[in-house]
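Each value in this text was obtained by applying a stated rule to the coordinates, not by laboratory testing. Just so you know, these numbers come straight off a predicted model, no measurement behind them. Please note: Cβ atoms are built from the backbone with ideal geometry, for glycine as well, and neighbour counts cover all protein chains shown.
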Amino acid sequence: MHDRRSWFVLSMLCFGFAFLYVPILSMVVYSFNASRLVTVWDSAHSPTLAWYVELFHNSEIMEAARLSFRIASVNATGAVILGTLAAFALERYRRFRGRGLFSLLTTAPMVLPEVITGLSLLLLFVVLEPLIGARGATTITIAHMTFSMAYAIVVIQARLATVDRSLEEAAMDLGARPWKVFAVITLPLIAPAIASAWVLSFILSWDDIVITSFVSGPGSTTLPQYVFSKVRLGVSPDINALATILVLIVSVAVIVAGTYMMRRDQRRIRDAQVALGAGG
Amino acid sequence: MNAVQTPAAARGGAPYVRLEGLTKRFGDFVAVRQVSLDIARGEIFCLLGASGCGKTTLLRMLAGFETPTEGSIWIDGVDVTHVPPYERPVNMMFQSYALFPHMTVAQNVAFGLRQDGTAKSEIDGRVHEMLAMVQLDGYDKRKPHQLSGGQRQRVALARALVKRPKLLLLDEPLGALDKKLRERTQFELVSLQERLGVTFVIVTHDQEEAMTLASRIGVMRAGEILQVGTPTDIYEFPGSRFVADFIGSVNMVEGRLVEDEPDHVRIQCEQLGCMVYVDHGVSAPPDAPVAVAIRPEKIQLSREQPPGTDNLLAGRVTGVAYLGDATRYLVQLPNGFQLRVTAPNVSRREERFEQDDAVWLSWHPSSPVVVTR
């Protein structure tokens, strides 16, 4: 009975993982395919790195990747700064007029349909064109910040709620002015949340296509937009190569972060045991 | 007793810390109601009360975290009612200790000095002096999570004292320590205070802690201070039923004043079924309902009937709890009323009473406390 159930659980687990990762795995495998046709495996000449070489010689892709990277970085930084301020206001000043409305408005972009957000921003940028110039990298960044910020607020506010208020009071009691308290006590304590909010905002911006399509201009094509337009004309194998590189970067980042956090937790447990053993 | 209640005035100086008609309201809820209090320099003043009695709110107003709704706070002759916490000459030791987890012990202690822009060399000197004083030399590079509870408590104390505040506020300073450590730390805290001469205001719900630490205690209930006095005053001369009952254990009986002379009174107590003779006068109208409080350790038990007629009762032992240093008895009177009696175990072969023993209870005429409120 027990054996049969564990067999069932194991097969469900395998199915789940296969469902999630087989498409990605096949994409990785096909990135080494020599054939120009995506669906045909050319066993005579494979595996090959030809598509990787071609990828780095494709200036259009590289340009789009650079633009996406720039937009995502600026967006993440801006979203985190605004998100921290908003989260602080919501969490630390609990009794101000309109707090409920403010809270609702900051998180609304998460649930608003992207098409609506995109369209409304497009209308706004058309009106604002004399002020901020033609649509391009700037407007994309601003648009991305509007929805990234909502996620940043949620992440940072959750962390801020767990920071013991008496730490901030203690700092103030010892002579630190409110801004100093924020800089030297609150900020270091919520730094992990700020880092995750930054990464989250970066990724949200990096793979956004719907809102980007509304607010981008003729000269600015982000990586998702480029890939999307290429796929419409038929998938070319260098896109597989590009995707494989991205998967590699993400995997390495996850493994490094995971190892670091595991080591840190182990160290904390060890330290706590030493302290308890010392007694007194 | 008057001299105790206004020690500064007795020495001819103005009070060091003065609270005048302090009130704090949160919406409709009154957390602190019209508290006026003088605290002398170098005193250890203890605010004692059950949770929710407003003692912490009072402490937070002293620290500057809460602004009083009414009233004012004076420290060393300066009105600090509206001075923000970072400009008050007051430091606080938090109940949770509130050590900064991302800083080392030395950085935690140095934090206050760094805010004042003290020179680096002086900071190092004073931090090490302070750590030595709380017996934590060599721990300066540790982080708070690498310390035990007792060590954290001492870091918090060092951090609060390093700026040499005029007033140190301690919120349940020993609450998070285990019993043995708490007893040791109580005495360390008092000796440290004596050496530094800093005025302490301590908030606690633990009456034993208040009794050992405080030079004076203020008993609080529902936002008001009911009584202020030395630990002995509070224990031996409680001013109200609540204080008598709150501090220590007590037998409380209702009675009626039948004989009221300047040097003695007699009180008819139905619950006891006897007359209580008290060898001092009380200020209450004749025939007024009063309460008589008798501490369990002030009642003597004996097998033979002692001489005299007043303050004498016969009863039967219905409960015995041997505690080592003392034995607690529950004695039932013929009318069913039960009295608690504590007898110290002075010698090992002492006669102790057993369940169902017939005993005589008696007490000295100076022992009962008569309260009218």
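Below, the figures for the structure above:
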quantity	calculated
Extension gain (nm, one decimal) between A:Thr77 and A:Ile116, 0.36 nm per residue minus Cα-Cα	11.6 nm
Among B:Thr57, B:Thr81, B:Thr104, residue whose mean-square fluctuation peaks in a GNM of chain B (springs only between Cα atoms under 10 Å)	B:Thr104
Packing-based exposure ordering (other Cβ within 10 Å, fewest first) of A:Val22, A:Val38, A:Val227	A:Val22, A:Val38, A:Val227
Residues in region A:222-262 reached by a label modelled at A:Asp207 [backbone nitrogen below 12 Å; 7 Å Cα→Cβ]	A:224, A:246-247, A:250-251
Ratio of the Cα radius of gyration of region A:163-246 to 2.2 N^0.38 Å, where N counts its residues	1.85
Average other protein chain Cβ within 10 Å of Cβ, residues B:108-118	3
Local electrostatic count, A:Ala161, Cβ distance below 12 Å [Lys/Arg +1, Asp/Glu -1]	+2
Vicinal HN-Hα couplings computed from phi for region B:135-149 (Karplus, 6.51 cos²θ - 1.76 cosθ + 1.60; Hz; Gly/Pro x)	6, 10, 4, x, 9, 4, 8, 6, 8, x, 6, 8, 10, 7, x
Extended-chain gain in nm, criterion 0.36 nm per residue less alpha-carbon gap, B:Gln107 and B:Phe26	25.6 nm
For chain B, calculated [θ]222 nm from helices alone, where every DSSP H run of n ≥ 4 adds -39500 (n - 2.57)	-7000 deg cm²/dmol
Label-point gap, in nm, between A:Met261 and A:Ser59 - each point 7 angstrom along Cα→Cβ	4.2 nm
Sequence-distant residues sharing a close amide H with B:Thr327 (under 5 Å, placed H)	B:Ala343, B:Asn345
Integer Hz, Karplus 6.51/-1.76/1.60 couplings in order for region A:110-123, x for Gly and Pro	5, 9, 5, x, 4, 4, 5, 4, x, 5, 5, 5, 4, 4
The protein assembly as shown, Rg to Rh (Cα coordinates; Rh as Kirkwood inverse mean 1/r)	1.16
For B:Thr81, residues with placed amide H under 5 Å, excluding near neighbours	B:Ile73
Cα Rg, Dmax (largest Cα-Cα span) when computed across chain A, Å	24.1, 75
Region A:60-237: relative contact order in percent, alpha carbon pairs under 8 Å with at least 6 residues between	41 percent
Peptide B:90-101 - average C-beta neighbours from other chains (10 Å radius)	5
Excluding exposed DSSP-loop trypsin sites (Lys or Arg not before Pro) (at most 15 other C-beta within 10 Å), longest clean stretch of chain A	A:98-280
Counted charge near A:Glu114, where neighbours are those whose Cβ lies closer than 13 Å (Asp, Glu -1; Lys, Arg +1)	-2
Excluding exposed DSSP-loop chymotrypsin sites (Phe, Trp or Tyr not before Pro) (at most 10 other C-beta within 10 Å), longest clean stretch of chain A	A:97-280
Efficiency of FRET from Cβ geometry, B:Ser36 and B:Gln305, R₀ 60 Å, rounded to 0.05	0.75
Equivalent ellipsoid, chain B (semi-axes from 5 times Cα gyration tensor eigenvalues, Å)	46, 26, 16
Cut-off 17 Å, label 7 Å out along Cα→Cβ of B:Asn335, residues of region B:245-277 by amide N	B:251-259, B:266-277
Residues A:Arg97 and A:Val38, FRET efficiency given R0 of 45 Å [Cβ-Cβ distance, rounded to 0.05]	0.15
Within region B:2-242, percent of DSSP bridges classed antiparallel, to nearest 5	50 percent
Per-residue ³J(HN,Hα) for region A:102-107, Karplus 6.51 cos²θ - 1.76 cosθ + 1.60, θ = phi - 60°, Hz, x for Gly and Pro	4, 4, 5, 5, 5, 9
Net charge, B:Arg241 excluded, C-beta distance under 12 Å - Lys, Arg +1, Asp, Glu -1	0
Once exposed loop GluC sites (Glu not before Pro) are cut out (DSSP; at most 15 other Cβ, 10 Å), longest piece of chain B	B:1-269
Linear extension gain, B:Arg373 paired with B:His145, 0.36 nm per residue minus alpha-carbon span	77.2 nm
Förster-model FRET efficiency, 56 Å R0, A:Val254 and B:Ser249, C-beta, rounded to 0.05	0.35
Count of lysine pairs in chain B with Cα separation under 26 Å (8 or more residues apart, or interchain)	14
